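S.K.: Got a structure here, written out as structure tokens. Questions coming.
Computed from the coordinates by the stated procedures, all read-outs in this text should not be read as laboratory data. What you are looking at is a predicted structure, and each value in this text was computed from that prediction instead of being measured. Note that each Cβ is placed from the backbone with ideal geometry, even for glycine, and that neighbours are counted across all protein chains shown.
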Amino acid sequence: MASETFARVLLERTDDEHPGLRFEDETRTWAQMVAASRARARMLAGACPAPAGRPRHVGVLLENVPEYVYWIGAAALAGATVVGINPTRRGAELAADVRHTDCDLIITDAAHVPLLAEFPEPFPAGRVHVVDSPAYRDRLHAVPEPEAGVGAGPGREPRADDRLLLLFTSGSTGTPKAVACSQGRLASIAGRSAQMGITRDSVTYVAMPLFHGNAVMANLAMAAHAGATVALRRRFSASGFLPDVRRYGVTYFNYVGRALAYILATPEDPGDAANTLRAAFGTEASAQDMTRFAARFGCRIIEGYGSSEGAIAMQKTPETPPDALGVPQRDIRIAVLDPETGAECARARFDGSGGLANPGEAIGEIVGLNVAAAFEGYYNDPAADAERVRDGKYWSGDLGYRDEDGFFYFAGRGADRLRVDSENFAAAPVERILARWAPVVMCAVYPVPDPRTGDQVMAALELHGDPGGTGGFDPGAFAAFLAAQPDLGTKWAPRFVRLVRAMPLTATGKVDKRPLRRTRWEAGDPVWWRPGRDLAYEPLTRARAGELRAEFAAHGRAHVLTAL
């Protein structure tokens with residue numbers, strides 16, 4: 001029977017002497033982890049007064065270290081809320097995250113304290129607890145022994161509807177929003193451990209950041225439910241991945257974004273498949289990367305579609321086409337709707353080469369028809385809530401299409417729609433094609449303005465063996481590759497190609513297109529373009545870029561460059 005709260009999931013491990021956490025050279029049993037969480041829960045009770053009308057909000061500004069895990073447990077036991085603070089944010093943006101989520105105190109370390117000094121208005125020093133300081137250790141040692149009941153100190157036992165987590169979205173296309181996750185929801189997710197093949201004997205690998213839902217929901221919570229061992233890494237490292245797998249005997253790991261692509265870009269060895277891996281679960285890997293990763297490392301890839309908001313979930317079946325997301329999980333009804341009219345979009349048709357033949361009428365927004373109640377909302381953001389839930393439906397903000405057999409395909413974020421020469425299409429199908437080109441490590445496709453009307457297609461490419469971002473691009477080979485792709489739409493070939501040293505990513509490994517779109521072809525990176533309709537690319541010189549800007553002015557469109 002599933003536990004009603006995540007607090008109960010943890011308390012079932014109170015006397016469990018099985019290894020629960022491995023971090024660098026340290027090992028902690030589950031019993032030790034629960035004890036550490038209980039101590040911090042009691043410490044929390046005296047750290048700040050309980051606010052009126054809501055639980056205490058504990059901002060955690062740390063890398064993946066044991067203290068982060070203990071504070072998630074502490075919040076669960078104390079009926080408090082952990083706010084996952086993204087340490088890659090800076091200055092006013094970071095301060096806004098903390099202020100928006102009403103953090104009552106911040107748990108951090110000496111390495112991250114300087115980030116707090118960048119706040120426009122100082123966060124109260126007495127409410128900052130530095131985990132690697134003597135004062136913090138003294139405070140922990142001074143907490144009283146647990147009282148009866150849950151053992152977290154005074155107060156009622158946590159309930160299923162208590163808000164446990166506030167997890168910021170990746171912000172890859174807009175301002176990050178704080179997604180709420182309750183005790184009951186996380187406990188329910190934890191109970192799916194067997195579906196992922198996580199058992200008592202499993203060793204799960206957490207290298208994705210704990211401030212994001214993927215690491216907590218698709219790994220840590222499930223490991224707690226199964227009593228498995230968690231191998232924790234401070235931050236993701238492609239080169240450190242396989243050594244860690246072998247060092248800890250990892251059997252399962254979670255990923256998000258482009259993690260598989262970066263691991264695959266490491267030097268290959270004939271013995272790579274000699275490891276303990278059994279399965280990996282994640283989202284947004286390409287079909288090529290999933291196939292190559294499974295073959296190279298000898299494990300099963302479980303790719304799903306979902307988000308921290310949790311309302312919509314899809315899964316692949318054995319019949320799912322390689323590029324498709326899959327089908328809705330049981331009892332979930334999903335449709336692709338026109339975001340303007342609310343009407344259901346036409347089913348996708350494919351041409352003889354497998355290309356999408358009707359993108360203009362097939363691509364719409366992925367919408368959950370009967371799952372709005374599962375969305376627990378964004379914290380203190382009614383406008384964002386209203387954007388998600390309209391007319392009793394959950395609008396995901398993601399573009400997609402659905403084929404005649406009922407399989408759904410991802411077509412990009414809402415900001416990834418392009419309109420070129422009056423034709424509407426989305427970025428993801430173009431990205432899937434560009435990812436086939438052998439030199440590509442990672443690619444991103446996005447709209448940039450056309451001098452006369454609408455958009456043009458721009459692609460950013462990160463290439464193998466080209467850390468300088470200049471020497472790996474062969475324009476003739478790229479043009480020949482494009483010409484050979486039978487499913488490349490007539491308007492899809494990039495007008496501009498930007499060579500990046502490293503693709504801009506969010507802290508969770510998703511491509512961050514905002515800086516790419518903002519700087520267009522004027523960022524200082526090498527840019528190639530095709531001035532005419534032919535697939536003939538040439539360097540975009542400073543002089544030609546100036547002529548292009550003048551063309552915008554001549555057509556009365558200079559303002560669109562300023563707006564971006």
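S.K.: Tell me, what does the Kirkwood hydrodynamic radius of the range 1-127 come to in angstroms if you use every pair of distinct C-alpha atoms?
M.R.: Mean inverse Cα-Cα distance, inverted, gives 15.6 Å.
S.K.: Rg and Dmax in Å for the range 321-415, alpha carbons only: what are they?
M.R.: Just the Cα atoms of the range 321-415 yield Rg and Dmax of 14.0, 49 Å.
S.K.: Now a separate question. In the range 58-123, which trypsin sites (Lys or Arg not before Pro) fall in coil by DSSP and have 14 or fewer other Cβ atoms within 10 Å?
M.R.: 90
S.K.: Let me ask something else about it. What share of Cα pairs, in percent, lie more than 14 angstrom apart in the range 186-230?
M.R.: The answer is 36 percent, as a whole percent.
S.K.: Further, regarding this structure: Simple spin-label model, 7 Å along Cα-to-Cβ: residue 125 to residue 92 in nm?
M.R.: 2.6
S.K.: I'd like the GluC sites (Glu not before Pro) in the range 39-137 restricted to DSSP loop residues with at most 13 other Cβ atoms within 10 Å, sorted by number.
M.R.: Passing sites in the range 39-137 are 118.
S.K.: On to the next question. Please state, as a whole number in µm²/s, the translational diffusion coefficient that the Stokes-Einstein equation yields for the range 156-232 at 20 °C and 1.002 mPa s, with Rh defined as the Kirkwood radius across alpha carbon pairs.
M.R.: D, rounded to a whole number, is 162 µm²/s.
S.K.: Please report the Cα spread of the range 68-127 along all three principal axes, rounded to whole Å, starting with the longest.
M.R.: Each principal axis gives a Cα extent; for the range 68-127 these are 33, 23, 22 Å.
S.K.: Right, here's the next one. Long-range amide H contacts for residue 111: which residues qualify at under 5 Å (H placed 1.01 Å from N, peptide plane, sequence gap of 5 or more or a different chain)?
M.R.: Those lying under 5 Å, H to H, from residue 111: there are none.
S.K.: Given 10 Å bins starting at zero, what is the percent of C-alpha pairs of the range 421-563 in each, up to the one with the largest pair distance?
M.R.: Percent of pairs per bin, in order: 11, 43, 36, 9, 0.
S.K.: What lysines sit close enough to residue 491 to cross-link, taking a C-alpha to C-alpha distance under 29 Å and skipping anything fewer than 8 places away on the same chain?
M.R.: Once the sequence-local lysines are set aside, what remains near residue 491 is 510, 513.
S.K.: Right, another one. Give the label of the value calculated from the structure for P(r) over Cα pairs in 10 Å bins from 0, in percent, choosing from (1) 3, 16, 23, 23, 15, 9, 6, 4, 1, 0; (2) 3, 13, 15, 13, 13, 13, 9, 6, 5, 5, 4, 1, 0; (3) 3, 17, 26, 26, 17, 8, 2, 0.
M.R.: Computed from the coordinates, P(r) over Cα pairs in 10 Å bins from 0, in percent corresponds to (3).
S.K.: Just how large is the dipole of the range 421-563 about the Cα centre, in debye to the nearest 20, putting +1 at every Lys and Arg Cβ and -1 at every Asp and Glu Cβ?
M.R.: 360
S.K.: Using the basic label-point model (7 angstrom from Cα toward the beta carbon), what is the residue 14 to residue 350 distance in nanometres?
M.R.: For the pair residue 14/residue 350, the computed spacing is 5.5 nm.
S.K.: Okay, next question. Taking the convex hull of the Cα atoms, report for the range 42-192 its projected area averaged over all directions, in nm².
M.R.: 9.8
S.K.: log₁₀ I(q)/I(0) of the range 332-373 at q = 0.14, 0.21, 0.28, 0.30 Å⁻¹, via Debye over equal Cα point scatterers, no solvent, to two decimals?
M.R.: With one equal scatterer per Cα and no solvent, log10 I(q)/I(0) is -0.37, -0.68, -0.92, -0.98.
S.K.: Placing +1 at every Lys and Arg Cβ and -1 at every Asp and Glu Cβ, with all other atoms neutral, what dipole size does the chain have around its Cα centre, in debye to the nearest 20?
M.R.: 460
S.K.: Once you order the gyration tensor axes a ≥ b ≥ c over the Cα atoms, which shape class does the range 406-460 get: rounded for a/c under 1.5, otherwise prolate or oblate by comparing a/b with b/c?
M.R.: oblate
S.K.: Still on this structure: Please report the Cα spread of the range 225-288 along all three principal axes, rounded to whole Å, starting with the longest.
M.R.: 33, 27, 22 Å, listed from the longest principal axis down.
S.K.: Let me ask you something else. How many angstrom separate the Cα center of the range 170-218 from the Cα center of the range 365-416?
M.R.: So the two Cα centres are separated by 20 Å.
S.K.: For the chain, what is the mean residue ellipticity at 222 nm derived from helices alone (per DSSP H run of n ≥ 4: -39500 (n - 2.57); sum divided by total residues; nearest 500 deg cm²/dmol)?
M.R.: Calculated at 222 nm, the ellipticity per residue is -7500 deg cm²/dmol.
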